[in-house]
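Trainee: Below is the structure I would like to discuss, written out as C-alpha cells.
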Amino acid sequence: MLTQEENDLLCRVEGQAPMGQLMRRHWQVICLEEEVSEPDGAPIRARVLGEDLVVFRNTEGKVGVLAEFCPHRRASLVYGRNEHSGLRCLYHGWKMDITGHVVDMSSEPQASGLKEKIKHIAYPATEWAGMVWAYMGPEETFTEFTPPPWAPNASVRVSVSKIIIPCNWAQIMEGQIDSAHSSSLHSSDMTPARVEGATVNESTWLRPSTDKAPRMQTQSDVYGFRYAAIRRPIQNASTHEYVRSTVFVAPSTALIPPNNLYNVANINTAIDDTHTAFHFIAWGHPDTTPDTESWRKFMSTQVNIDLDAQFHPIRHVGNHFLQDRQAMKEGNFTGIKGIPNQDMAMWVTMGPIADRSQDRLGASDMAVVEFRRQMVAAAKAFSEGHDPIGVGPLKIPSTVCAYQAIIPKEVDWRAYSASPV
C-alpha cells in the first residue's frame, strides 16, 4: 500500500510535479511518424506531461514539436498553414519554424523588429523506430538522443500498437511488469503447451507451463530493475524451472520476455495525470517480426477497426469493452478480444488514478512493490537535487534484456546468459 502523498508523487506528472519533471529529463515519445508522414501536411495535436503541443513535418521533411498556442494571441497552431518550412498561424499570419524562431509576422511592419525579439517554445526532436521523440527538459540538462533498448539499431524491425488510454501512466506500467496476471487475464491467448519455450502461432502465444502462481524474485539496479517469474514447467519439472525475466527501465519502459520469433516491449507516454499513450511493441529481425499492420491485427488494435483515427479505443467502460459473455460461456476467459484490450479493461476500471492505499498485495506482487518503492524514491531524490534515474551513468547497459527459458534448478536466473531473439 502507498499513502495518498506517495501515490500522488508516483502518479502526478503535470506542471512542477517531481515525477513529470523527472520524465522531462528523458526523451519522450510524442507521436508516431505515420501521424505526420507528409511534408507540409496537416499538423497534429499532441499532449505530453500536461503540456499541449503541435507536431508538423516541414517542407524539407524535418519534424517540429512546438507549444500548441501561438505566442501572439494564443490561437491554436494545429489549424495553421504548414508551408514553406514553417507553421503559420491563421489569426494574424505569424509563422514559426521547427526551432521556434518567428520567421514572418504578416501583421507587423517590416521595420518593427518584433520577430527578432520573440522565440516560440520548441523542443529538440528526432525520429527513431517509427516514432517522433522530443526532449522537453531544460536546455541546460539536454542530452543527445540514444536508441532505446528495444530498437538498438536501424536494422531492427519495430512494429507498434498505440492506444490512448484514460488512466494514469503508473497503473499501466504496473500491468506491464506484472507477470502473474497473464496466467489468468490472458489465459485464452497465452495457453499452456508441450513446447520448449514461449512460441507464437497465428492466433496464440504458447507457454511451456500450467503454473498460475509464479515465484517472484527481483534484482534492483540503477536503471530500474529486472525480475523473474519462476514457474513449474510442463516437462522436466523435477529438475528444471520455467523463468520469464522482465526488465523495468525507468521511468516508463518494460522489456517483456520474447517468444521464439520476436521480442516484446512497452513504452508509455504520460499525456497528463489521467491519460496515457500506451505503445505495445514487437521488435527484432525483419524476417521473423510481424509488420505493423499484422501486429495490430494480432493484438486487435487496428486503426479504424479497433481504434479511431486518433488511436482512441472503441472499447470502453460505456460498452463494457465489447465483452462477449457468450464467448465466456464457451470457454474464453475474458470475452474481450486482444491482449492489450484485456489489460486496458483492468487499468481503466481502477479509475483515472488508482487508489493504492486500498490495495491488498500478495507474494505475486513483488515486482509491483519494487516499482512503487523505486519510483517513489526516485521522485523524492530528484526533487532533492539528485540525478534522475535512468540517465547518463544510470542508464541501462546494452547487455541487459528480457528473456524466457527453461533452465536447470541449480542455475541462478540472474546469471543466465541471454540475448534478444
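The values are calculated or read from the model by the stated rules, or taken from the named source; none is laboratory data. What you are looking at is a predicted structure, and each value in this text was computed from that prediction instead of being measured. Methodologically, a virtual Cβ is constructed for each residue, glycine included, from the backbone with ideal geometry; neighbour enumeration extends over all protein chains shown. Accessible surface is based on the protein model in full, side chains and every heavy atom, while ligands, DNA and RNA are left aside. Shrake-Rupley method; radii C 1.70, N 1.55, O 1.52, S 1.80 Å.
Trainee: In the stretch 150-198, how many residues are basic (Lys, Arg) and part of a strand (DSSP E or B)?
Mentor: 2
Trainee: Sticking with this structure for a sec: How do the pairs read when you match residues in the stretch 37-59 that are touching a residue at least 40 places away in the same chain (Cβ under 8 Å) and more than 30 Å from residue 17 (Cβ to Cβ) with residues anywhere that are of a type in the set (Asp, Glu) and surrounded by 15 or more Cβ atoms within 10 Å (Cβ to Cβ), using Cβ under 8 Å and keeping only pairs 6 or more apart or on different chains?
Mentor: Within 8 Å, the pairs are 58/40; 58/97.
A quick yes/no check of all residues on (1) surrounded by 18 or more Cβ atoms within 10 Å (Cβ to Cβ); (2) of a type outside the set (S, T, N, Q):
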residue	(1), (2)
38	no, yes
43	yes, yes
52	no, yes
61	no, yes
65	yes, yes
72	yes, yes
85	no, no
89	yes, yes
101	no, yes
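Trainee: What are the residue pairs meeting all of these: first residue in the stretch 257-274, first residue touching a residue at least 24 places away in the same chain (Cβ under 8 Å) and small (Gly, Ala, Ser), second residue open to solvent by less than 10 Å² (accessible area, probe 1.4 Å) and not in a strand (DSSP E or B), Cβ atoms under 6 Å, and 6 or more apart or on different chains?
Mentor: Short answer, once both residue conditions are applied: 265/150; 270/13; 270/49; 270/169.
Trainee: Shifting gears a bit: Which pairs do you get when a residue that is among the basic types (Lys, Arg), found in the stretch 188-200, comes within reach of a residue that is surrounded by 17 or more Cβ atoms within 10 Å (Cβ to Cβ) and not in a strand (DSSP E or B), reach meaning Cβ atoms under 9 angstrom, with the pair 6+ apart or on two chains?
Mentor: Within 9 Å, the pairs are 194/208; 194/234.
Trainee: Ok, one more. The conditions are (1) in contact (Cβ under 8 Å) with a residue 40 or more places away in the chain; (2) farther than 27 Å from residue 163 by Cα; (3) not aliphatic (A, V, I, L, M), and residue 412 fails exactly one of them. Which is it?
Mentor: (1)
Trainee: Separate question: Can you name the residue in the stretch 376-404 that is of a type outside the set (A, V, I, L, M) and in contact with a Gly (Cβ under 8 Å, 6 or more places away or on another chain) and, of all such residues, is nearest to residue 173 (Cα to Cα)?
Mentor: Looking at residues that are of a type outside the set (A, V, I, L, M) and in contact with a Gly (Cβ under 8 Å, 6 or more places away or on another chain), I get 390.
Trainee: What number goes with the only condition from (1) assigned to a loop (DSSP other than H, G, I, E, B); (2) out of contact with any Asp or Glu (no Cβ under 8 Å at 6 or more places or on another chain); (3) at pLDDT 95 or above that residue 136 does not pass?
Mentor: (2)
Trainee: Let me ask something additional. I'd like to verify a number: residues in the stretch 394-419 that are under 18 Å from residue 261 (Cβ atoms) and in contact with a helix residue (DSSP H, G or I) (Cβ under 8 Å, 6 or more places away or on another chain), how many?
Mentor: 0
Trainee: Among the candidates 156, 222, single out the residue that is touching a His at 6+ places or on another chain (Cβ under 8 Å) and not charged (D, E, K, R).
Mentor: Exactly one of 156, 222 is touching a His at 6+ places or on another chain (Cβ under 8 Å) and not charged (D, E, K, R), namely 156.
Trainee: Are there any pairs with C-beta distances below 6 angstrom linking a residue in the stretch 337-363 that is under 18 Å from residue 180 (Cβ atoms) and among the hydrophobic types (A, V, I, L, M, F, W, C) to a residue that is open to solvent by less than 70 Å² (accessible area, probe 1.4 Å) and in a loop (DSSP other than H, G, I, E, B), with the two at least 6 apart or on different chains, and if so which?
Mentor: Listed by first residue and then by second, the contacts come to 339/186; 339/189; 345/336; 347/167.
Trainee: Please go through (1) part of a helix (DSSP H, G or I); (2) without any contact (Cβ under 8 Å) to a residue 60 or more places away in the chain for residue 417 and return the number of the only condition it doesn't satisfy.
Mentor: (1)
Trainee: Hey, another quick one. Collect the residues in the stretch 347-368 that are part of a helix (DSSP H, G or I) and either touching a Gly at 6+ places or on another chain (Cβ under 7 Å) or open to solvent by less than 70 Å² (accessible area, probe 1.4 Å) (or both), keeping them in residue-number order.
Mentor: Correct list: 347, 348, 356, 357, 364, 365, 367, 368.
Trainee: Looking at residue 373 and the list (1) closer than 23 Å to residue 223 by Cβ; (2) out of contact with any strand residue (DSSP E or B) (no Cβ under 7 Å at 6 or more places or on another chain); (3) part of a loop (DSSP other than H, G, I, E, B); (4) not hydrophobic (A, V, I, L, M, F, W, C), which single condition is not satisfied?
Mentor: Looking at each condition in turn, residue 373 falls short on (3).
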